Number of protein chains: 2
Amino acid sequence: MNDRRLTEQVRIVGSGLLGASIGLGLSARGVDVIVDDASPSTRGLAIAYGAGRAPAPDDAPGLIVVAVPPDVTADIVAAELERYPEALVTDVASVKLAPLEQLRARGADLSRYLGTHPMAGRERGGAVSARADLFVGRPWIVAGHDGISYRRAAAIEDLILDLGAVPIEMDAADHDRSVALVSHAPQLVASLLAARLRGGSAAALGLSGQGLRDTTRIASSNPALWVQILGANAAEVAEVLRPLRDDLDAVIAALDDPEAPASRRIIADTLAAGNDGVSRIPGKHGQDGRFTALVVKIDDKPGELARLLTEIGEEGVNMEDLRLEHSPETKVGFAEISVVPEAAHPLATALEQRGWTLMEAER
Amino acid sequence: MNDRRLTEQVRIVGSGLLGASIGLGLSARGVDVIVDDASPSTRGLAIAYGAGRAPAPDDAPGLIVVAVPPDVTADIVAAELERYPEALVTDVASVKLAPLEQLRARGADLSRYLGTHPMAGRERGGAVSARADLFVGRPWIVAGHDGISYRRAAAIEDLILDLGAVPIEMDAADHDRSVALVSHAPQLVASLLAARLRGGSAAALGLSGQGLRDTTRIASSNPALWVQILGANAAEVAEVLRPLRDDLDAVIAALDDPEAPASRRIIADTLAAGNDGVSRIPGKHGQDGRFTALVVKIDDKPGELARLLTEIGEEGVNMEDLRLEHSPETKVGFAEISVVPEAAHPLATALEQRGWTLMEAER
């Protein structure tokens, strides 16, 4: 098996959003992509969109990508390993431990299997939503295990790099636990919080600030997609939510007796624990995210923000982050600009000289 | 009493962040501002920062602003009503029903009292953090009641307008219930979720995406400040959190038995309820927020975003919102631009002709 030949012919099983997007991306790079799917009409759609060609009797794929729902991933991976005894097989399911254990239990050839998980997706599924650039700049987890050689694993990482994504190595159990913490549990918590808004008056909702918007934004995600994801990683998600529920019980009990000193301590500890937790999220480019924020008032007319950013560029300052804030029922907006601390004061002075109104950061 | 004279002399009791900011804002408009505080040193600091002058024996304020912690608000308001029998008195505490009921119970002259609540604040408290522009463009709730005349209420609304804020009328009970829903409960939920991150591995945190960042951002708020706010509105906050806890219990039970059809339905219903809730948050300028998003790839070098926004302006398109997204461990960024639906396709075409890479929205 010549590893450098692996990606000359790639077979993709399952032609939904991820499978079709991988097919589009590889086809664009000149790879001979074979698209297969249990549903001939779904397969036909992906082929019509340019994801690849139909299977042929003499296919000899070096690499097979299984892109099917988590609950059937192990079955399909096992079948592909048997059907193409020379091929490497990967899958892209959002849960990694269960397929690996199921394959090990049935005695599949793990020396040719390596599970992966691209941290990319879209609101809508299906080949019609597929894009060759879906993975550009996104983390793509490689769930390494001892049964596969370094050289074969490297071939799968090459595929990931070819699609513009960033391979990140992590074992299957760590993967499942990690995405439960940073993605799956937050999704459910956002949904549970947003669900409360159904009962609010229009006047109450009219007071919504940026905090509520941010806290609930991902609650607009597609339920059908997330039912699958959460079901496949249910145990790990529950492990995150159970202590959260215990903390919530304590908070509610404290709110029911707010004058008690113990109650104030519970609320204060909860807020402090939140401070500690959020400080662990890495900032831009993996840095610690300790930038200084300047808040600039922006009139709500075309071109104002562009003018501001152009003038920041003229001052030679690199903006690390930008947020816009709207206030309800007003025509004034605010741009929060993050810069390295040493640039903050000179930039503030320069912008004020240019006529901008600075408000300072408020959080 | 001549209402138009009211704001010529304003007395502010309590010279923390809000009191001192109101003093700065009114002083800048030429109002004779008297600053008082139970602590002479705190008062001295606010005066040194320009919030106003010290009290004098012949003071005759037309309007008094009580800016003290919620638990002493009613006491101070009652004392001021007695001490200045011609003056209108307002307060700015973050809870509105308890002070009103306490004042009513002690027979205070409610015809001269109207509680308000500016929806503005900063991470740090105290006069040193005060700013004249703290309230610009922010909602400022006026908790109207039947005991005060329209004309007197209008005088207090004038004060709010003078400070650049937007008066919003809402009765005291509605206020407390509303801010519990859109501000206080979300704060606790964000803190409870962020607290889970303390136990995550660095590798797990390295997978943090924009969803987690948004969901937990307000968890970095000041615990000391929020203990006061949550304690003052404890009952209403608990009313929001209790059904959330019940829903969370059901979700955890469903995750513990993920294969059961009832479990899938519970998860799906939770996610759908979140969709419904988040759709009730008004968009920019109180509109429904139904904009179309375009995602444009941005190289991480100075001036790229400014160039993009300038070119959007050249196309004559008004940008309704802008978000930046970072992907970990990559030098590529994405700008998500929201525009009215009819502008989306022509703008996308124009930007692609200008050489930009469009990725389409992913949520």
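Rounded if a/c is under 1.5, else prolate if a/b is larger than b/c, else oblate: which is region A:176-253, with a ≥ b ≥ c the root eigenvalues of its Cα gyration tensor? Verdict is oblate for region A:176-253.
Relative to the longest principal axis of the Cα atoms of chain A, the long axis of helix A:341-353 lies at roughly 60 degrees.
Remark: mean inter-chain Cβ contacts per residue of A:262-268 equal 4, using a 10 Å Cβ-Cβ cutoff to other protein chain atoms. In degrees between 0 and 90, to the nearest 10, how far off the longest principal axis of chain B does helix B:150-162 point, with axes built from Cα atoms? That works out to roughly 60 degrees. In this structure chain B gives 39 Å² per residue of accessible area when probed at 1.4 Å with all protein chains present. Legend: calculated FRET efficiency, B:His345 to A:Ala48, from the Cβ-Cβ distance at R0 = 22 Å, rounded to 0.05, equals 0.50.
Mean projection of the Cα convex hull over all viewing directions, computed for the protein assembly as shown: 32.9 nm². Among B:Gly30, B:Gly19, B:Gly50, the largest mean-square fluctuation in a Gaussian network model of chain B (Cα springs under 10 Å) belongs to B:Gly30. Averaging the sequence gap over all C-alpha pairs within less than 8 Å and six or more residues apart, then dividing by the number of residues, gives region B:3-170 a relative contact order of 24 percent. One residue of chain B places its C-beta nearer than any other to the axis carrying B onto A; that residue and its whole-Å distance are B:Asp214, 2.
GNM on chain A, alpha-carbon springs under 10 angstrom: the most fluctuating residue among A:Ala195, A:Ala130, A:Ala87 is A:Ala195.
If you bin all the Cα-Cα distances of region B:28-100 at 10 Å, starting from zero, the percentages per bin are 18, 49, 32, 2. Taking every alpha-carbon pair under 8 Å whose residues sit at least 6 apart, chain B reaches a relative contact order of 11 percent. I need the shape label for region B:3-170. Rule: rounded when a/c is under 1.5, else prolate if a/b > b/c, else oblate, with a, b, c from the alpha carbon gyration tensor. Here region B:3-170 falls in the rounded category. Working from label points 7 Å from Cα in the Cα-to-Cβ sense, the B:Arg307 to A:Arg242 distance is 5.3 nm. In chain B, helices alone account for a calculated mean residue ellipticity at 222 nm of -14000 deg cm²/dmol, with every DSSP H run of four or more residues adding -39,500 (n - 2.57).
Using a probe of 1.4 Å on the protein chains alone, the accessible area found for A:Met119 is around 40 Å². Solvent-accessible surface (1.4 Å probe) assigned to A:Asp162 amounts to roughly 50 Å². Sorted shortest first, the separations between the A:Arg151 label point and its copies elsewhere in the assembly read 9.5 nm; each point sits 7 Å from Cα along the Cα-to-Cβ line. Restricted to Cα atoms, chain A shows a radius of gyration and a Dmax of 24.9, 77 angstrom.
For region A:201-301, divide the Cα radius of gyration by the Kirkwood radius and give the resulting Rg/Rh value with two decimals. If you can, show how the numbers build up before the last one.
Details: Rg = 18.6 Å, Rh = 17.9 Å.
Taking Rh as the inverse mean 1/r over Cα pairs, Rg/Rh reads 1.04.
If you count Lys pairs in the protein assembly as shown whose Cα atoms are under 20 Å apart, skipping same-chain pairs closer than 8 places in sequence, the total is 10.
Relative to the first principal axis of the alpha-carbon coordinates of chain B, what is the inclination of helix B:234-256, with its axis defined by its Cα atoms, in degrees from 0 to 90 and to the nearest 10? Helix B:234-256 sits roughly 20 degrees off the main axis of chain B. Label sites at A:Glu352 and A:Glu8, each approximated as a point 7 angstrom past Cα along Cα to Cβ, lie 6.7 nm apart. Among A:Ser279, A:Ser178, A:Ser220, the residue with the largest mean-square fluctuation in a Gaussian network model of chain A, with springs joining Cα atoms closer than 10 Å, is A:Ser279. Using a 7 Å projection from Cα along Cα-to-Cβ, the label point at B:Pro55 is separated from the same position in the remaining copies by 8.8 nm, smallest value first. Each other copy places its own label point for B:Gly199 at 2.8 nm from this one, sorted shortest first, where the point lies 7 Å along the Cα-to-beta carbon line. Across region A:73-84, rounded Karplus estimates of 3J(HN,Hα) from the backbone phi angles (6.51 cos²θ - 1.76 cosθ + 1.60, θ = phi - 60°) give 4, 4, 4, 5, 4, 4, 5, 5, 4, 6, 6, 10 Hz, Gly and Pro being marked x. Counting only protein heavy atoms and a probe of 1.4 Å, the accessible surface of chain A is 51% carbon and sulfur. With 30 Å² as the minimum drop in accessible area between chain alone and full protein complex (1.4 Å probe), the qualifying residues in region B:134-153 are B:Val136, B:Gly137, B:Arg138, B:Pro139. Taking 7 Å steps out from each Cα toward its Cβ at B:Asp249 and A:Asp75 produces label points 3.7 nm apart.
Take the accessible area of A alone and of B alone, subtract that of the pair with a 1.4 Å probe, and the total buried over both chains is about 11600 Å².
The values are calculated or read from the model by the stated rules, or taken from the named source; none is laboratory data. For clarity, every value in this text was computed on a predicted model and none was experimentally measured. So basically every Cβ, Gly included, is an ideal-geometry build from the backbone, and we count neighbours across all protein chains shown. Protein only, heavy atoms only, side chains kept; ligands, DNA and RNA dropped before computing areas. Shrake-Rupley method; radii C 1.70, N 1.55, O 1.52, S 1.80 Å.
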